[in-house]
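Working notes for the structure below.
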Amino acid sequence: MRRLMLTALTMVLCLLLHMPARAQYRLWYDRPAQTWTQALPIGNGVMGGMVFGTPAVEHIQLNEETIWAGQPNQVVNPNAKKALPEVRRLIFEGKYKEAQQLANDKVMPNAVGQNMGMPYQPFGDLYISMPGHADYTGYERWLDLDNAKSVVRYSVDGVRYERETIAPLGGHHVIAIRLTASEKGKLTFTVNMTSPHENVLTGNEQSKMGSEPFATTYLHGVSAKHEGLKGKVRFMGRLAVQTVGGKVSSSNGNISVVGADEAVVFVAIGTNVKNYKDITGDEVQQSKERLHGAMQMGYEALKALHEKTYHQYYDRVSLNLGEDQYATVPMNKRIERFSVVGDSVDDNYLVATYFQFGRYLLISSSQPDNMNPANLQGIWNDKMLPSWDSKYTTNINLEMNYWPSEVTNLTEMNEPLFKLIREISETGRETARDMYGAEGWVLHHNTDQWRITGPVDRAQTGLWPTGSAWLCRHLWEHYLYSCDEVFLRQYYPIMLEAARFYTQTLQKHPTKGWLVVCPGESPEHGGKGRPTPLDAGVTMDNQIVAELYTNVLAAAKILGDENALLPVIHSQLKQLPPMQIGRWGQLQEWLDDLDDPKDDHRHFSHLFGLYPSNQISPYRTPELWQAARKSLEARGDVSTGWSMGWKVCSWARLLDGEHAYKLIKDQLTLTVDTFLIFGTVKQRGGTYPNMFDAHPPFQIDGNFGCTAGIAEMLMQSYDGFVYLLPALPSTWKDGSVKGLVARGGFEIDIDWKGGRLTKAVIHSRNGGTCQIRCNTPLKGKGLKRGKTANTYYIQTKAGNEYILQ
């Protein structure tokens with residue numbers, strides 16, 4: 001019996017030794033961060049931290065999702081309703097400059113002293129000072145994407161030190177740092193917090209956990225005044241230390257530890273924000289509850305819950321593009337080598353890491369119970385006045401943040417976005433009434449924590465009333481992926497009321513006869529020869545309204561609704577301008593043929609119909625599809641970071657994997673962040689050393705856009721069928737992807753070799769017919785050929801899986 005057991009154990013060990021190791025995705029470096037865009041992000045949607053990893057003085061920059069300047073407010077110019085008819089008349093008469101001037105004087109809120117939205121602001125910084133640790137060896141740090149933690153390791157005087165930092169998921173909204181050493185009694189440090197906010201208060205308190213007293217230090221402050229609006233977000237940060245061995249003391253806002261074997265630093269932040277219109281909360285009590293709850297649980301249990309929660313999301317999708325050939329090369333060097341002209345390397349593992357980094361960022365910045373969705377920088381921001389206020393720009397950037405949510409199997413991360421949509425549908429009703437004299441609701445090109453819906457900035461960028469319609473497509477898309485009629489029934493009224501606004505504000509074009517949005521614009525971009533972007537009936541506005549109308553009518557049919565507004569929507573849908581092909585074969589961006597073939601503007605908004613929408617298809621609308629390609633070719637490749645992410649998605653829809661891959665290389669171009677930016681010295685669009693997207697500066701939408709684009713290269717489902725490997729570049733010769741989600745509720749696994757599909761598994765969540773397109777001939781039980789080349793279909797049952805080869 002003993003011999004049999006030994007033989008069996010030997011066989012198991014042999015099997016384990018020969019099993020391929022699970023891919024490990026991490027961002028690894030051999031030196032501390034010198035700048036913020038070299039620090040590594042951790043987050044749980046409520047708190048965010050940027051870990052610098054400096055041995056002598058660890059620095060973790062901190063954010064909390066509700067710390068915004070200002071207070072609840074709305075921005076609508078009381079003169080707007082009276083002035084808008086005249087603005088429209090001037091636009092229709094071709095007096096664009098005069099229309100812009102009038103809009104800036106009488107329509108935009110800042111003309112009457114109102115603000116242009118509030119900035120998202122940092123809490124401050126955590127520092128852990130360790131005497132004698134400036135002289136270190138054997139340094140390394142990394143962000144572990146597989147387990148959502150930051151790790152720092154180094155040696156001082158023969159002792160190996162490690163710091164492990166997590167922003168735990170699972171309901172405990174803190175950041176925890178565990179410090180260990182290879183020898184007992186070697187941990188000596190002082191920890192404290194600072195803040196860039198004015199007049200903060202710091203101090204120490206004695207607290208109790210059960211009967212055991214412990215020291216805490218706190219930092220108490222209030223958010224800033226901005227553009228005349230007083231800051232009223234009160235916040236309190238608290239930190240405490242649990243140790244094994246050693247002595248703990250506290251004074252003057254510091255906690256000191258001497259001679260500990262092990263230590264855990266906990267930091268929590270509370271605010272008085274209860275929701276977008278209520279700031280009567282108790283930041284002191286919330287900070288105590290968050291801190292004490294995490295400490296009572298203890299680090300090991302907290303970490304176990306964190307990893308369990310994280311793996312429930314992250315492990316749903318895996319991407320294998322080959323082995324990691326450069327594991328010992330620091331990530332900044334890998335990025336630099338990846339895109340150097342004439343000396344680049346095909347680091348496919350880097351691309352797979354970038355894909356999973358995007359999913360990691362979405363999990364870390366947009367949890368289901370969060371008050372706010374991921375903003376322009378996710379949840380990470382170190383500046384009191386960040387670029388574009390780090391708020392929610394809704395003429396592409398907020399939407400791009402959530403492009404990977406459904407297809408990469410992170411549907412729960414949408415909940416904060418859906419919450420925002422519910423809230424702006426309330427505030428947007430007031431804007432529709434007070435600014436346009438219309439029913440329904442509207443959102444322009446920006447909002448913030450206070451859910452402003454009026455136009456901000458200047459008329460030439462902000463007077464764009466189709467942000468509400470674009471956000472509604474995320475509601476419909478969620479239904480298409482989930483087939484959840486309960487969800488659709490809940491959100492259908494919001495979609496219907498968004499459509500109601502346009503039924504009452506569309507204008508009949510005096511010479512062309514179509515119903516158009518006026519004033520509108522192709523975001524941030526004007527046609528050749530026009531003095532302003534302000535216009536009537538631009539292609540993107542037409543596409544967005546047409547899509548909203550189409551989706552509302554489809555939803556009404558599913559739900560059996562017979563609202564009296566539906567015939568009006570149906571009638572107006574036929575009167576919207578069609579997409580047009582211009583004089584050089586391009587898809588026109590405006591009603592008039594104004595496109596310049598030399599124009600390389602970062603926005604290419606008229607291709608909304610190609611991606612993210614489904615209005616342009618190589619099979620249903622081949623002429624428009626070719627025109628879209630012509631437009632995208634003319635725009636060029638290298639641009640701002642987020643724009644290149646959008647181009648990856650668009651080239652994937654154009655079924656050109658080689659060009660999409662080129663754009664990935666363009667986006668994964670290292671943006672140097674260690675020189676002074678002044679005069680004509682500028683950064684370029686690309687990727688920072690910590691893999692953050694560089695507009696520049698940092699915008700997180702480029703990360704999310706490229707993640708969605710990589711998924712789109714491997715699987716598409718917008719055109720009525722699941723297209724397997726539609727835009728596979730030649731450099732991804734062999735690989736696999738597991739867990740992508742297709743519309744209709746199908747989860748897809750794909751394996752390929754030599755550029756050809758070898759196996760696909762369809763997991764049917766809801767049952768029904770799965771239509772398939774694949775350039776490799778397929779066979780499988782129950783699989784039947786479709787009516788056109790390379791198409792198939794299979795009848796599925798909910799909960800079953802179907803293997804195709």
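The values are calculated or read from the model by the stated rules, or taken from the named source; none is laboratory data. Bear in mind the structure is a predicted one, so any value in this text is a computation, not a measurement. When we count neighbours, we look across all protein chains shown, and the Cβ atoms used for this are built from the backbone with ideal geometry, even at glycine. Accessible surface is based on the protein model in full, side chains and every heavy atom, while ligands, DNA and RNA are left aside. Shrake-Rupley method; radii C 1.70, N 1.55, O 1.52, S 1.80 Å.
Things worth noting here:
- The stretch 490-556 and the stretch 764-786 have their alpha-carbon centroids 37 Å apart.
- In this structure, residue 621 and residue 574 have a Cβ-Cβ separation that, at R0 = 30 Å, corresponds to a calculated FRET efficiency of about 0.95.
- Each helix, a run of at least 4 DSSP H residues, gives -39500 (n - 2.57); summed and divided by the residues of the chain, these come to -10000 deg cm²/dmol at 222 nm.
- Share of carbon and sulfur in the accessible heavy-atom surface of the chain [1.4 Å probe, %]: 51 percent
- Lys/Arg +1, Asp/Glu -1 at C-beta; the chain dipole; positive extreme among 292, 335, 248: 335
- Charged-residue dipole, Cβ positions (Lys, Arg, Asp, Glu), the stretch 338-491 about Cα centre, Debye nearest 20: 380 debye
- Computing FRET efficiency as 1/(1 + (r/R0)^6) for residue 511 and residue 562, where r is the C-beta to C-beta distance and R0 is 35 Å, gives about 0.45.
- Length added when fully stretched, residue 137-residue 30, from 0.36 nm per residue minus Cα-Cα: 37.5 nm
- Dipole of the chain computed with +1 at Lys/Arg Cβ and -1 at Asp/Glu Cβ about the Cα centre; of 69, 403, 180, farthest Cα towards the positive end is 403.
- Placing +1 on the Cβ of every Lys and Arg and -1 on the Cβ of every Asp and Glu, with nothing else charged, gives the chain a dipole about its Cα centre of roughly 1360 debye.
- Dipole in debye (nearest 20) - the stretch 259-392, about Cα centre, beta carbon charges: Lys, Arg +1; Asp, Glu -1: 400 debye
- Relative contact order (percent, whole number), the chain, Cα cutoff 8 Å, 6+ residue spacing: 11 percent
- Nitroxide proxy distance, nm - points 7 Å out along Cα→Cβ at residue 105 and residue 383: 3.3 nm
- Tensor-based shape of the stretch 143-198 (alpha-carbon gyration tensor, a/c under 1.5 rounded, otherwise prolate or oblate): oblate
- Cα-based shape type of the stretch 469-584, given that a ≥ b ≥ c are square roots of the gyration tensor eigenvalues and the cut on a/c is 1.5: prolate
- The stretch 81-240: equivalent-ellipsoid semi-axes (sqrt of 5 x gyration tensor eigenvalues, Cα, Å): 52, 22, 15
- Solvent-accessible surface of the chain, averaged per residue with a 1.4 angstrom probe and all protein chains in place: 37 square angstrom.
- Value of Rg/Rh across the stretch 681-754 [Cα atoms, Kirkwood radius]: 1.09
- Cα centroid separation, the stretch 419-487 to the stretch 80-113: 22 Å.
- Using a cut-off of 26 Å between Cα atoms, the listed pairs 149/288; 308/665; 225/274 include 308/665 as exceeding that distance.
- The stretch 376-418 versus the stretch 692-727: alpha-carbon centroid distance in Å: 15 Å
- Principal semi-axes of the equivalent ellipsoid, √(5λ) from the alpha carbon gyration tensor of the stretch 689-799, are 29, 17, 12 Å from largest down.
- Positive-pole candidate from 224, 189, 207, dipole of the stretch 187-237, charges at beta carbon: 224
- Full-extension gain in nm, residue 439 to residue 337, via 0.36 nm per residue minus C-alpha separation: 31.2 nm
- Taking 0.36 nm per residue of sequence separation and removing the Cα-Cα distance, the residue 157/residue 311 pair yields an extension gain of 51.7 nm.
- Taking a ≥ b ≥ c as the square roots of the Cα gyration tensor eigenvalues, the stretch 300-361 comes out prolate, since a/c reaches at least 1.5 and a/b is larger than b/c.
- Figure note: 514, 752 ranked by solvent-accessible area, largest first, 1.4 Å probe, ligands and nucleic acids not counted: 514, 752.
- Ignoring aspartates and glutamates fewer than eight residues from residue 630 along the same chain, the ones with Cα atoms less than 14 angstrom from its Cα are 589, 595, 596, 599, 600, 656.
- In this view, the solvent-accessible surface of residue 478, computed with a 1.4 Å probe and all protein chains in place, comes to about 20 Å².
- Against the chain, whose longest principal axis is taken from its Cα atoms, helix 415-431 shows a tilt of about 50°.
- Mean projection of the Cα convex hull over all viewing directions, computed for the chain: 38.2 nm².
- Rough spin-label spacing in nm, given labels placed 7 Å along Cα→Cβ, for residue 208 and residue 296: 1.4 nm
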